[in-house]
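The values are calculated or read from the model by the stated rules, or taken from the named source; none is laboratory data. Computed from a prediction, not measured in an experiment: that's the story for all the values here. Cβ placement follows ideal geometry from the backbone for every residue including glycine, while neighbour counts extend to all protein chains displayed. Just so you know, the surface numbers come from the protein's heavy atoms only, side chains and all, with ligands and any DNA or RNA stripped out. Shrake-Rupley method; radii C 1.70, N 1.55, O 1.52, S 1.80 Å.
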Amino acid sequence: MTMQGSATPIPEPDPSLRDAVELGFPSSVAELARLVRIPSVSWDGFDRGPVLQSAEAVADLARAIGIFEDVAVLVEPGPDGQAGQPAVLATRAARNGRPTVLLYAHHDVQPPGDPTLWESSPFEPTVRGDRLYGRGASDDKAGVETHLAALRALAAARGDFDLGVVLFVEGEEEFGSRSLPALLAAHRDRLDADVIIVADSDNWSTDVPALTVSLRGNAAFHVTVSTLGHALHSGSFGGAAPDAMLAAIRLLATLWNEDGSVAVPGLAAYTGTEAPGYPAEDFARDAALLDGVRPIGRGELNAQRWFEPSITVTGIDAPTVQNASNTLLPSVRVRVSLRVAPGQTADEAFDAVSAHLMAAAPLGAHVEITDPDLGEAFLIDSSGWAAAEATAALAEGWGSAVVQQGVGGSIPFVAELAREFPAAQILVTGVEDPDTRAHSPNESQHLGVLKRAILGEALFLDRMNRRS
């Protein structure tokens, strides 16, 4: 991973595009705020109505730009045959030999979680300092707005243009993109493009842009641990009968070494490239470590985040403290999230963890593993002309050299896009920064980052419009 463009001076951005972005920015922030107000959670168990409302709002904004020949809200079935969540597809054909660029983002968001942990209402966008707070304000409605605003700026600065554009705004990325394969299959001809920009990742800082060139995969699943036919009084049977919570804790503890690194045979790390250093004091600040708390694992922190597997228990079905009784539990269910290093398939990693858990069951406990949700890791080729053009455009738009970085999170559909469109060059950009807190309480979008992201993308699109 390297810093790009630092050897030569960075030119000033085109003044007409810069001015168009600056003039339109108050409207961009207002549009983003309107989108954040729509609680478009795509998970099962949540009202589907707001997700459709969000899709229709995005479609209306796309139509208002005035450049698209067709704008539609699409719904395709997921693997279970049930209707997926609505996506937006807007297209205009390339002219005079210009390339076509597909702009991807998603308008669905994570659930807000415990509202008492938010400093302001999750779905009431609130500006504090230089940040806009709200669920989805960054991940990924700011990505949606980046695309819309960059296209508006290009149209304002250039009038009519010849570049082909596909705007694809998915509606269930936060729920596993379950209907994405059906969307790709049903609308492949309209989605085909020379370059794909996925605006759903991080930046190095609020002042330094990044292109993401590696992504970890994921394998999330349920583990149910059972030891008793029914619940028992902990006073009458405790100390002799093993309850499921005891067995689950002991089983889960086998997943990690003493230093917190994974202890599962068969999980691989990626060693094909080096990661830039991440000073421990910076990591402690960005990760909000409490005083005295140390990072887990060993080695370079960025390499651990980007190129090594990790395992997290993200949920436990058990009585709350308020509802706790003196009871031995017969069964406990947990949700395990595995991040898979580039170079290993999600199937291989899932099989390794499954085999480990089955073999490590303590006290004869019964272990059942169900509901796997797998996504592939991906290494992005950054050697093509599109990456070179994007690097130059982002550097101009941000006034800073670009970092090529890995990301510890997963965007499984990137691998699906690469399989479906093997000739397309894929670029992963983003609007987040180290303090965005995506998926967490008090998620926010840094407004300076948003403006620079819009300008960088507008400059890139302008370069594509000049390219034969």
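Hydropathy first: keep DSSP H helices in the chain averaging at least -0.5 on Kyte-Doolittle, then drop any whose Cα extent along the axis falls short of 24 Å, and list what survives. What comes out of the filter, once short or polar helices are dropped, is 15-36, 49-65, 141-158, 447-465.
Contact order, relative form, for the stretch 98-224: 39 percent (alpha carbon pairs under 8 Å, 6 or more residues apart, mean separation divided by residue count).
Largest first, how would 391, 345 line up by accessible area (1.4 Å probe)?
The most accessible residue leads, giving 345, 391.
With unit charges on the beta carbons (Lys and Arg positive, Asp and Glu negative) and the dipole taken about the Cα centre of the chain, which residue among 374, 384, 167 sits farthest to the positive side? Among 374, 384, 167, the one farthest towards the positive end of the dipole of the chain is 167.
A Cβ-based charge dipole, computed about the Cα centre of the stretch 303-461 with Lys and Arg at +1 and Asp and Glu at -1, lands at about 420 debye. Please work out the Cα center distance from the stretch 114-189 to the stretch 268-283, rounded to the nearest Å. If we compute the Cα centre of each part, the gap is 29 Å. Heavy-atom accessible area for residue 118, with the other protein chains in place and a 1.4 Å probe, reaches approximately 20 Å².
Projecting the Cα atoms of 312, 180, 134 onto the charge dipole of the chain, computed from C-beta unit charges around the Cα centre, puts 134 farthest toward the positive end. Our estimate of slack between residue 185 and residue 419, defined as 0.36 nm per intervening residue step minus the Cα-Cα distance, is 83.1 nm. Once both labels are positioned 7 Å from their Cα atoms along Cα-to-Cβ, the gap between residue 53 and residue 283 label points is 4.3 nm. With all protein chains in place and ligands, DNA and RNA left out, the 1.4 Å accessible area ranks 245, 464, 358 as 358, 245, 464, largest first. Which of 297, 244, 272 sits closest to the plus end of the dipole of the stretch 236-336, meaning its Cα is farthest towards the positive end, when Lys and Arg get +1 and Asp and Glu get -1 on the C-beta? Positive-end residue among those listed: 244. The chain gives an Rg/Rh value of 1.00, both radii derived from C-alpha positions and Rh following Kirkwood. Solvent-accessible surface of the chain, taken per residue with a 1.4 Å probe and all protein chains present: 43 Å². Would you kindly find the accessible area of residue 347, with a 1.4 Å probe and non-protein molecules such as ligands, DNA and RNA excluded, rounding to the nearest 10 Å²? Result for residue 347: roughly 90 Å² accessible.
Just how large is the dipole of the stretch 52-112 about the Cα centre, in debye to the nearest 20, putting +1 at every Lys and Arg Cβ and -1 at every Asp and Glu Cβ?
Working: 4 positive and 7 negative charges, 84 e Å.
Charge dipole of the stretch 52-112: 400 debye, to the nearest 20.
Residue order by solvent-accessible surface for 22, 457 is 22, 457, largest first, with ligands and nucleic acids left out and a 1.4 Å probe. Dividing the mean sequence gap of close Cα pairs (under 8 Å, 6+ apart) by how many residues the chain holds gives a relative contact order of 26 percent. About its Cα centre, the chain has a charge dipole of approximately 140 debye under the convention of +1 per Lys or Arg Cβ and -1 per Asp or Glu Cβ, with nothing else charged. Across the accessible surface of the chain, with the other protein chains kept in place and a 1.4 Å probe, carbon and sulfur atoms take up 52 percent.
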